[in-house]
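One structure below.
Every number in this text was worked out from the coordinates using simple rules, so none of it is lab data. Just so you know, these numbers come straight off a predicted model, no measurement behind them. All Cβ positions, even for glycine, are placed from backbone atoms using ideal geometry, and neighbour counts span all protein chains on display.
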Amino acid sequence: MATVLALVSPVAFVAIWLLVTGFISMLGGWHGLADRYGAPDGFEVEPEQRFRFRSIVLRRLALFPARYRGCVTVSLAPGGLHLAVLFVFRFRHPPLLIPWSAVVRCEEGAFLGFRWTDVAVRDVDPVIRIYAGAGAAVAAEWRRQAKPV
C-alpha cells in the first residue's frame, strides 16, 4: 500500500497542479490574452527593461480576479508590453506581447500606500493591474509610445 501511495502521490500532485494553473488561466483571462497576443517564440527583452518577480492581477470577472503574486516578469519592449509567468506556473500561461497600439488606457491609482496601474487592452476582457514601480514604468512607456512623432 505504501508503495502504491508513493507512486500515486507525485502523479496526483502534478495533475492537480496542472488543473489549478489551467483553471486560473481560463478564469482570469490569461488564456484569452494569449490567443490574441501570444509572444513569438524566442522573444527577448533587454535586461534593463525587465521587472522580475512582480505582482499583477487580471480582472475579467469582478468577483474572481486572478492574482499572480511575485511570479510575473513585466518587460517593456519597443513592440509592446511583455508578460511572462515563472516556469512552474507556465501551463496554459504562454508569454504575452501586447502591442502598445492595443493598449487603450493606463490608469494609475493608489490606496493606503499601494500603487498600481490598470492596463486596458482593446477587444479583450481582463484589465491587467500591475503593482508598484513596474506599473508606473508601463504607464510612462505607454504615454511615450502614444505620442505622435
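Overview of results
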item	result
Where a residue in segment 49-68 is touching a residue at least 24 places away in the same chain (Cβ under 8 Å) and surrounded by 18 or more Cβ atoms within 10 Å (Cβ to Cβ) and its partner, wherever it lies, is among the aromatic types (Phe, Trp, Tyr) and assigned to a strand (DSSP E or B), with Cβ under 6 Å and at least six apart	Ser55/Tyr131; Ile56/Tyr68
Per-region count, segment 110-149, residues over 23 Å from Arg52 (Cβ atoms) and either crowded, with 17+ Cβ neighbours inside 10 Å or touching a Lys or Arg at 6+ places or on another chain (Cβ under 9 Å) (or both)	4
Qualifying positions in segment 97-147 - touching a strand residue (DSSP E or B) at 6+ places or on another chain (Cβ under 7 Å), outside any helix (DSSP H, G or I) and among the β-branched types (Val, Ile, Thr)	Ile98, Val103, Val104, Thr117, Val119, Val121, Val127, Ile128, Ile130
Residue selected from segment 33-79 under the condition hydroxyl-bearing (Ser, Thr, Tyr) and in a strand (DSSP E or B), by the criterion nearest to Leu97 (Cα to Cα)	Ser75
